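Have a look at the structure below, then the notes.
The values are calculated or read from the model by the stated rules, or taken from the named source; none is laboratory data. Note that the structure is a prediction, hence the values are computed from the model and not measured. Every residue, glycine among them, receives a Cβ derived from its backbone with ideal geometry; neighbour counts consider all protein chains shown.
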Amino acid sequence: MAKRIQLFAPLGTKMGTQVHDGELLYLAQFLFDNGYCVKVTDCYLNPDLDPLAETRAFKPDLLVVHLWKNELIVENKIMRLLSLLEVIKARSPALRVVAIGSIATSVRDEILEWRSVVDAIVSETCISYRQNVRQEIVELALIQDYFSRFVKITNAFLSSGTIQFGVDDVVSVYSSRGCQKKCSFCSYNSYTTRWKDRDISGLADDIAVIRNHTSAIRFSLFDSNFGAESEVNQRKSALLAERLTSIPDLKLTLNVSSDGLSEEVIANFRRANVVGLLIGLESLNPRTLLEVYHKRQDINHATEMIEFAESQGITPIVSYILFHPWLTLDALRDEIQKIDAFGRHRIIQFAAKSRLQVIPKTPIERMLREQNLLVEGKFFRDFLFKDNDVRDVFLKLKIAFDRAIGSCRTFADLADLKMREWAYLREIVS
C-alpha cells in the first residue's frame, strides 16, 4: 500500500496568470483525509518547477499525473511528457505511475501501450491497467471513488502545507462535475458518468476557508458549466451571492452557458463578487453551431446577456472556433463581419488559435474519419480543410502569427498582436 502520493500537473506557460489545478487541490484534500502523505507538483501553476527534482526529493510510492489540457494532443506535447515520466520511473523502479483526466481517458490505449511508463488510467467509469502489471494498485479504487464525491477543503489540510497559495494565484474550486452539454469537440464527459451539481454551500465554504486561511483573493470555478438553465441558476446564484458578498476583496470567475443566464442571474453574480464570465459561444453562424459543434444556442440572447454583464461591471470572456474543416471562404468573410459587429475584443483567442481542436473519442473525430478529413497520428489528431482557399488563408495567418508571437513579452504586446492579426486576416480574405 502506498503511503506517499505525489500529484503532478504538467505543462505551464511562461505568460499568464498563476492558476492552481483545481482537480489536484481536491484530490490532495481527499487523500489527506484518508491518511496519506501528499505532495502536489503543479506546473500548471508554476512552470519553473522541476518534476524530476521534486520526485527525487519526495520519494513517492505513487505518482498521479493529471492530463486535461487539449494542447497535449493538439500540439503533440504528450510524447515529451511521457519521456519525462520514463526518466522519473527509471530512477525509481518501484514507483507506480497512474494518469487521470479527460485527455488521459481519450488516449487511454495509446498511453498504456507506450514503453510501460504509465501503469494505469483511472476515471469514474473504469480503471484500466497496462499489460503485465502484476499487482493491482489498491489506491486506484480510492481515487475512482473520489470522482463520484464532492470534497470539502478543511483548515487542517490547509495547515499541513501540502499546497501553498500566493496573493496573485488563482485558486480553482468547483461547483459541479461533468457537463450538461454534448458538444461535438469536447472530451470533458469522457471520464465521468453524468453531470453532478454541487450544493452551493459547500462551494461557498471552500472559498471562505481558503480566503480566511491564505492570502489568495482570486478564485475560478474549474468546472465546465455553472449551469445551463436560467431558472436553476437564479436559485444557485442567489445563494452564492448570499454567502460570498461579505468576503473582502474576493474576485471570482466562472464558466457558464449563455442559455443559463438572465439579468437576475448576472445581477446575483455581481453581488457574489464575480468579475468574469467564461462563455463558450464558439460561432455566430447558427448552422455551424448546430451541424458542426452540436450546440443549440440563441445567439441574440447570448449577445444581450454579454452586453448586460458588461453593464454590471463583469467582463465576458468569450471562446470562439472560427476555423473548422467545412468552412468556406464566403462563410469566413461573413463570420468576420459578424465578429466585427459582435466585438472582436470580447473573444479571447488569437485568430490563428481559433481553430477546431480534434480530441480522440469525440463525435467530431468520428465525423472527420467518416469524411476522410481526419489527420491521425500517435497522440495527435488534426483535420484537413475541404476548401483549399480557406486552408491557404489559415496557413498565411498562422505563419504570420508564429513569426510575431515570439517577440511578445507583455500583455500589452499580446493585445497589440491580437488586433494586428485581426486586421491582417480581414486583409487577406478581402
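For the stretch 396-409, give me each residue that is among the small types (Gly, Ala, Ser) and either touching a helix residue (DSSP H, G or I) at 6+ places or on another chain (Cβ under 6 Å) or in a helix (DSSP H, G or I) (or both).
Matches in the stretch 396-409: ALA400, ALA404.
Filter the stretch 63-96 down to the residues that are β-branched (Val, Ile, Thr), under 22 Å from TYR36 (Cβ atoms) and in contact (Cβ under 8 Å) with a residue 40 or more places away in the chain and list them by number.
Matches in the stretch 63-96: VAL64, VAL65.
Quick one: would you say ALA351 is more than 25 Å from the chain's Cα centre (by Cα) and within 26 Å of ILE317 (Cα to Cα)?
no
Look through the stretch 203-229, keep the residues that are surrounded by 16 or more Cβ atoms within 10 Å (Cβ to Cβ) and among the small types (Gly, Ala, Ser), and return whichever of them is nearest to the chain's Cα centre (by Cα).
So, considering only residues that are surrounded by 16 or more Cβ atoms within 10 Å (Cβ to Cβ) and among the small types (Gly, Ala, Ser), the one nearest to the chain's Cα centre (by Cα) is SER224.
Kindly evaluate GLY16 against the criterion of being outside any helix (DSSP H, G or I), modelled with pLDDT under 90, in contact with a strand residue (DSSP E or B) (Cβ under 9 Å, 6 or more places away or on another chain) and not polar (S, T, N, Q).
So GLY16 fails the test.
Looking only at the stretch 84-102, which residues are farther than 19 Å from ILE127 by Cβ and more than 23 Å from the chain's Cα centre (by Cα)?
GLU86, VAL87, ILE88, LYS89, ALA90, ARG91, SER92, PRO93, ALA94
Being within 22 Å of MET79 (Cβ to Cβ) and surrounded by 20 or more Cβ atoms within 10 Å (Cβ to Cβ) is true for just one of VAL390, VAL375, VAL318, VAL358. Which residue is that?
So the residue among VAL390, VAL375, VAL318, VAL358 that is within 22 Å of MET79 (Cβ to Cβ) and surrounded by 20 or more Cβ atoms within 10 Å (Cβ to Cβ) is VAL358.
Take the residues in the stretch 91-121 that are on the phi < 0 side of the Ramachandran plot and among the charged types (D, E, K, R), then tell me which one is surrounded by the fewest Cβ atoms within 10 Å (Cβ to Cβ).
ARG91
Looking at (1) touching a residue at least 60 places away in the same chain (Cβ under 8 Å); (2) over 23 Å from the mean Cα position of the chain (by Cα), which is the one condition that is false for ARG115?
(1)
Among the residues of the stretch 63-83, is any surrounded by fewer than 23 Cβ atoms within 10 Å (Cβ to Cβ), in contact with a helix residue (DSSP H, G or I) (Cβ under 9 Å, 6 or more places away or on another chain) and farther than 30 Å from HIS324 by Cα?
Within the stretch 63-83, none of the residues are surrounded by fewer than 23 Cβ atoms within 10 Å (Cβ to Cβ), in contact with a helix residue (DSSP H, G or I) (Cβ under 9 Å, 6 or more places away or on another chain) and farther than 30 Å from HIS324 by Cα.
Output the residues belonging to the stretch 51-107 that are in a loop (DSSP other than H, G, I, E, B) and among the small types (Gly, Ala, Ser).
If the condition is that a residue be in a loop (DSSP other than H, G, I, E, B) and among the small types (Gly, Ala, Ser), then SER92, ALA94, GLY101 are the ones that fit.
All but one of (1) surrounded by 13 or more Cβ atoms within 10 Å (Cβ to Cβ); (2) in contact with a strand residue (DSSP E or B) (Cβ under 7 Å, 6 or more places away or on another chain) hold for LYS59; which doesn't?
(1)
Name every residue in the stretch 136-154 that is of a type in the set (S, T, N, Q) and under 21 Å from ASP42 (Cβ atoms), in order of residue number.
THR154
Would you pick out the residues in the stretch 328-346 that are of a type in the set (Gly, Ala, Ser) and within 26 Å of the chain's Cα centre (by Cα)?
Selection gives GLY343 alone.
If THR288 meets every condition in (1) of a type outside the set (A, V, I, L, M); (2) assigned to a helix (DSSP H, G or I); (3) touching a strand residue (DSSP E or B) at 6+ places or on another chain (Cβ under 9 Å); (4) under 30 Å from SER215 (Cβ atoms) apart from one, which number is that one?
Failed condition: (4).
Are there any pairs with C-beta distances below 7 angstrom linking a residue in the stretch 291-312 that is free of Cβ contacts under 8 Å to residues at least 40 places away in the same chain to a residue that is surrounded by fewer than 16 Cβ atoms within 10 Å (Cβ to Cβ), with the two at least 6 apart or on different chains, and if so which?
Taking only residues 6 or more apart or on different chains, the pairs are ARG296/LEU290; ILE299/PRO286.
In the stretch 359-395, what residues are within 28 Å of the chain's Cα centre (by Cα), assigned to a helix (DSSP H, G or I) and among the charged types (D, E, K, R)?
GLU365, ARG366, ARG369, GLU370, ARG391
Report, by residue number, each residue of the stretch 248-271 that is at pLDDT below 95, touching a Lys or Arg at 6+ places or on another chain (Cβ under 9 Å) and surrounded by 18 or more Cβ atoms within 10 Å (Cβ to Cβ).
Within the stretch 248-271, LEU250, SER257, ASP259 meet the criteria.
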